[in-house]
Amino acid sequence: MSEVPFKNPGWAGNTGEFDLDEDQVRGDDFVGTRPREGGHPSGAATYPYMLPEKHPDAPLFEGEHKERFDKILTRYPNKQAALLPTLGLAQEVRGHVSPETMDRVAELLELSPAYVRGVTTFYTMYNKRPVGRYLVQVCTNISCNLCGADDVMEAFLRYTDTEIGETSEDGEFTVVEAECLAACGFPTCVQINSRYYENVTPADVPKIIERLKAEGAGGD
Ligand code: FES
């Protein structure tokens, strides 16, 4: 273990320089290994909320996702209280939360469409528009900013050939700014879909992009 050259021994900043993969560092408890139907009801809402595969027209909810939805409902005293995880699940399935999705969620939870819209538009974590296969969220808050987050942001935009919030022509990448991602000890932190990359520098960015492209080509 001590022979492995990595920048941060506490975390799999998976930038391509480490010999450890995500499973080795996080273990089997990593949320990505949970069953699609959510497993135990307590974990049903916390399966990765941003997956590469997005199905904007998929029904809400069917099959394993219906199981998840039903489990989510068991965790709350009423349907209104289940709104945030239900929106999260809808985003996981469809990739973003369109006005039609908001209306469908309102129907499912017996809430008014206006209420659901008010909640959804309050939170930046719900994508109101379609995003690329990989949603790249660069933290530009204070700790990361002091350590060069603006340069990291600039590098992601350059290597994906996009403007902030725009999706690359090949549909692979959308790069946005994020507020503190709660990894302030390891700036700059970047969240790509459900995975964290820490201690990211502009020099790491091409490797990260290439790795993601390779994953995408492999059907990950
Ligand atoms: S300031 Fe970037 S993770 Fe907190």
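How many residues does region 148-187 hold that are assigned to a loop (DSSP other than H, G, I, E, B), within 16 Å of the ligand (Cβ to nearest atom) and surrounded by fewer than 18 Cβ atoms within 10 Å (Cβ to Cβ)? Quick ask: steps written out before the conclusion?
Residues of region 148-187 that are assigned to a loop (DSSP other than H, G, I, E, B), as a first pass: 148, 161-166, 168-172, 179-187.
Then keep just the ones that are within 16 Å of the ligand (Cβ to nearest atom); that gives 148, 179-187.
From the residues that got through so far, the ones that are surrounded by fewer than 18 Cβ atoms within 10 Å (Cβ to Cβ) too are 148, 179-180, 182, 184-185.
The qualifying residues number 6.
May I ask you to list pairs of residues, at least six apart or on different chains, whose Cβ atoms are under 7 Å apart, with the first in region 84-105 being farther than 13 Å from Val116 by Cβ and the second being among the basic types (Lys, Arg) and part of a helix (DSSP H, G or I)?
Leu89/Arg68
Does region 63-86 hold any residues that are of a type in the set (Ser, Thr, Tyr) and either in a helix (DSSP H, G or I) or touching an Asp or Glu at 6+ places or on another chain (Cβ under 7 Å) (or both), and which are they?
Within region 63-86, the first condition is being of a type in the set (Ser, Thr, Tyr), and the residues that meet it are 74, 76, 86.
Passing the criteria: Thr74, Thr86.
Of the residues that make up region 102-123, is at least one assigned to a strand (DSSP E or B), more than 16 Å from the ligand (Cβ to nearest atom) and closer than 25 Å to Pro52 by Cβ? Steps first, please.
First, the residues of region 102-123 that are assigned to a strand (DSSP E or B): none.
No, because not a single residue in region 102-123 is assigned to a strand (DSSP E or B), more than 16 Å from the ligand (Cβ to nearest atom) and closer than 25 Å to Pro52 by Cβ.
Across region 87-101, which residue is farthest from Met50 (Cα to Cα) among those that are among the β-branched types (Val, Ile, Thr) and assigned to a helix (DSSP H, G or I)?
Here is the first cut: in region 87-101, the ones among the β-branched types (Val, Ile, Thr) are 93, 97, 101.
If we keep only those that are assigned to a helix (DSSP H, G or I) as well, we get 93, 101.
On the way: Val93: 9, Thr101: 16 Å.
Top of the filtered list is Thr101.
Would it be correct to say that Glu210 is over 15 Å from Met50 (Cβ atoms) and within 12 Å of the ligand (Cβ to nearest atom)?
Details: over 15 Å from Met50 (Cβ atoms): yes; within 12 Å of the ligand (Cβ to nearest atom): no.
Here the answer is no, as Glu210 does not meet what is asked.
Right, Ala114: on the phi > 0 side of the Ramachandran plot and surrounded by fewer than 17 Cβ atoms within 10 Å (Cβ to Cβ) or not? Outline the logic, then answer.
On the way: on the phi > 0 side of the Ramachandran plot: no; surrounded by fewer than 17 Cβ atoms within 10 Å (Cβ to Cβ): yes.
So Ala114 does not fit the description; no.
Can you tell me which residues in region 118-173 are acidic (Asp, Glu) and within 20 Å of Pro202 (Cβ to Cβ)? Break it down into steps so the answer makes sense when it comes.
Taking region 118-173 and keeping what is acidic (Asp, Glu), we get 150-151, 154, 161, 163, 166, 169-170, 172.
Asp150, Asp151, Glu154, Asp161, Glu163, Glu166, Glu172, listed by residue number.
Mind listing whichever residues of region 188-201 are near the ligand (Cβ under 8 Å from one of its atoms) and of a type in the set (Val, Ile, Thr)? Outline the logic, then answer.
From region 188-201, those near the ligand (Cβ under 8 Å from one of its atoms) are 188-189; that's our starting set.
Correct list: Thr188 only.
Could you tell me whether Tyr196 is under 24 Å from Gly88 (Cα atoms) and either assigned by TED's automatic domain parsing to the domain that holds Lys54 or part of a loop (DSSP other than H, G, I, E, B) (or both)? Walk me through how you get there before you give the answer.
Details: under 24 Å from Gly88 (Cα atoms): yes; either assigned by TED's automatic domain parsing to the domain that holds Lys54 or part of a loop (DSSP other than H, G, I, E, B) (or both): no.
No, not satisfied.
The values are calculated or read from the model by the stated rules, or taken from the named source; none is laboratory data. Every value quoted in this text rests on a predicted model; they were computed, and no experiment measured them. We place every Cβ from the backbone using ideal geometry, glycine too, and count neighbours over all the protein chains shown.
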